[in-house]
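Participant: Here it is: the structure, laid out below.
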Amino acid sequence: MRELPKALQTDGTSPQVNQSIALSGLLPPPDRTRARVLAWLKGNVPETRIRHILRVEQFAIELAQLHGLNVEKAAQAALMHDLAKFFKPKRLLSMAIAEGLTLDPIDESNPHLLHADAGAIVARDEFGVQDEEVLDAIRHHTLGSPTMTLLGCVVYLADGLEPGRGNTPELEELRRLSHEDLIQATWRAADASLRHLIQAGHLIHPRTVQTRNAFLQQYKQTEAKPRTLQNHFVKGIQP
């Protein structure tokens, strides 16, 4: 029998009792989990970052609703996306190594990039999150991933485009795109991130490039289909 995650165990009870609670469906409802996460954040994250997290949560909910995705998953991943934001570099590296993650040299030179992966570990181990789609959305919110689901795109975009990021024409255009087309918005957001990193003279993690290319390719393939169908009809050929 699989043991209930430590974060969800009831103080003073045995693992067997906790397992029975889990199986009977008596675990705390999502709103209580959210309260626990917020309480944890208050002890580990500055108030300014908590305000950012709440804006990301709200934007993620908005995008999930617009695109017909699971709103509860989007809210959960967004609320937990920066759990490890202020962990020290040594802690981030040790967590990544203990988890068996494959580290890029850029991860080792800039461990802060690992806060997304570490945040997923905290979500799993401290708050009992088992949904891999939610955990992946947390893992990929900073660098993206060529294999991101649409839920992952929602959290990735919400993190970069929430209202507190500013109101430049570029951001406003990306926000508009995020409401219309998650695939296009994702590759364009990654593209904008790359331009910023190049202009600032920063190292670029290969996953950001891979994300940009993967979603640009998806977008081009999607855009090509209507044109192909139109050409077939013009020529009198059934597709």
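The values are calculated or read from the model by the stated rules, or taken from the named source; none is laboratory data. This one's a predicted model, so the numbers in the text were calculated from it and none came from an experiment. Counting neighbours? That spans all protein chains shown, and the Cβs are built from the backbone with ideal geometry, glycine included.
Participant: Would you check if SER178 is among the polar types (S, T, N, Q) and assigned to a helix (DSSP H, G or I)? Lay out the reasoning, then the answer.
Facilitator: Numbers: among the polar types (S, T, N, Q): yes; assigned to a helix (DSSP H, G or I): yes.
For SER178, the condition - among the polar types (S, T, N, Q) and assigned to a helix (DSSP H, G or I) - is met.
Participant: Hey, another quick one. Need the failing condition index for ILE198 against (1) crowded, with 22+ Cβ neighbours inside 10 Å; (2) part of a helix (DSSP H, G or I); (3) among the hydrophobic types (A, V, I, L, M, F, W, C), just the number.
Facilitator: Condition not satisfied by ILE198: (1).
Participant: Is it fair to say THR142 is modelled with pLDDT of 95 or more, surrounded by fewer than 21 Cβ atoms within 10 Å (Cβ to Cβ) and at negative phi? Steps first, answer last, please.
Facilitator: Numbers: modelled with pLDDT of 95 or more: yes; surrounded by fewer than 21 Cβ atoms within 10 Å (Cβ to Cβ): no; at negative phi: yes.
No: the conditions fail for THR142.
Participant: Here is a follow-up. Limited to segment 97-112, what total is found for residues that are free of Cβ contacts under 8 Å to residues at least 60 places away in the same chain, touching a helix residue (DSSP H, G or I) at 6+ places or on another chain (Cβ under 9 Å) and in a helix (DSSP H, G or I)?
Facilitator: Qualifying residue count for the region: 5.
Participant: Same structure again: Which count do you get for residues in segment 65-75 that are surrounded by 17 or more Cβ atoms within 10 Å (Cβ to Cβ), closer than 22 Å to ASP117 by Cα and over 10 Å from the mean Cα position of the chain (by Cα)? Don't jump to the end; show me each part of the working.
Facilitator: Here is the first cut: in segment 65-75, the residues surrounded by 17 or more Cβ atoms within 10 Å (Cβ to Cβ) are 67, 69, 73-75.
The next check asks that each one be closer than 22 Å to ASP117 by Cα; those that pass are 73-75.
Filter again for over 10 Å from the mean Cα position of the chain (by Cα), leaving 73, 75.
Matching residues across segment 65-75 total 2.
Participant: I've got another one for you. Pick from segment 145-173 the residues that are surrounded by fewer than 22 Cβ atoms within 10 Å (Cβ to Cβ) and in contact with a Leu (Cβ under 7 Å, 6 or more places away or on another chain): which of them is nearest to ILE53 (Cα to Cα)?
Facilitator: So, considering only residues that are surrounded by fewer than 22 Cβ atoms within 10 Å (Cβ to Cβ) and in contact with a Leu (Cβ under 7 Å, 6 or more places away or on another chain), the one nearest to ILE53 (Cα to Cα) is ARG165.
Participant: Moving on to the next point. Applying the selection to segment 113-133, what residues are within 16 Å of the chain's Cα centre (by Cα) and assigned to a loop (DSSP other than H, G, I, E, B)? Before the answer, list the steps.
Facilitator: We begin by selecting, within segment 113-133, every residue within 16 Å of the chain's Cα centre (by Cα); these are 113-124, 129-133.
Residues satisfying the conditions are VAL129, GLN130, ASP131.
Participant: What are the pairs, 6+ residues apart or on separate chains, where a residue within segment 170-191 that is in contact (Cβ under 8 Å) with a residue 24 or more places away in the chain has its Cβ under 6 Å from a residue that is assigned to a helix (DSSP H, G or I) and of a type in the set (D, E, K, R)?
Facilitator: As it stands, the answer is TRP187/ARG212; ALA190/ARG212; ASP191/ARG212, since those pairs meet every condition given.
Participant: Identify, by number, the condition in (1) touching a Ser or Thr at 6+ places or on another chain (Cβ under 6 Å); (2) not in a helix (DSSP H, G or I) that THR147 doesn't meet.
Facilitator: (1)
Participant: Given the criterion at pLDDT 95 or above, under 22 Å from GLU132 (Cα atoms), buried (at least 20 other Cβ atoms within 10 Å of the Cβ) and of a type in the set (D, E, K, R), identify the matching residue among GLU57, GLU99.
Facilitator: Numbers: GLU99 fails: buried (at least 20 other Cβ atoms within 10 Å of the Cβ).
After applying the criteria, what remains is GLU57.
Participant: Taking the criterion of being in contact (Cβ under 8 Å) with a residue 24 or more places away in the chain, in a helix (DSSP H, G or I), farther than 21 Å from LEU182 by Cβ and of a type in the set (Gly, Ala, Ser), would at least one residue in segment 59-71 satisfy it?
Facilitator: No, because not a single residue in segment 59-71 is in contact (Cβ under 8 Å) with a residue 24 or more places away in the chain, in a helix (DSSP H, G or I), farther than 21 Å from LEU182 by Cβ and of a type in the set (Gly, Ala, Ser).
Participant: LEU93 - would you say it is of a type in the set (A, V, I, L, M, F, W, C), over 25 Å from TRP187 (Cβ atoms), crowded, with 16+ Cβ neighbours inside 10 Å and in contact (Cβ under 8 Å) with a residue 12 or more places away in the chain? Don't jump to the end; show me each part of the working.
Facilitator: Details: of a type in the set (A, V, I, L, M, F, W, C): yes; over 25 Å from TRP187 (Cβ atoms): yes; crowded, with 16+ Cβ neighbours inside 10 Å: yes; in contact (Cβ under 8 Å) with a residue 12 or more places away in the chain: yes.
Criteria met by LEU93.
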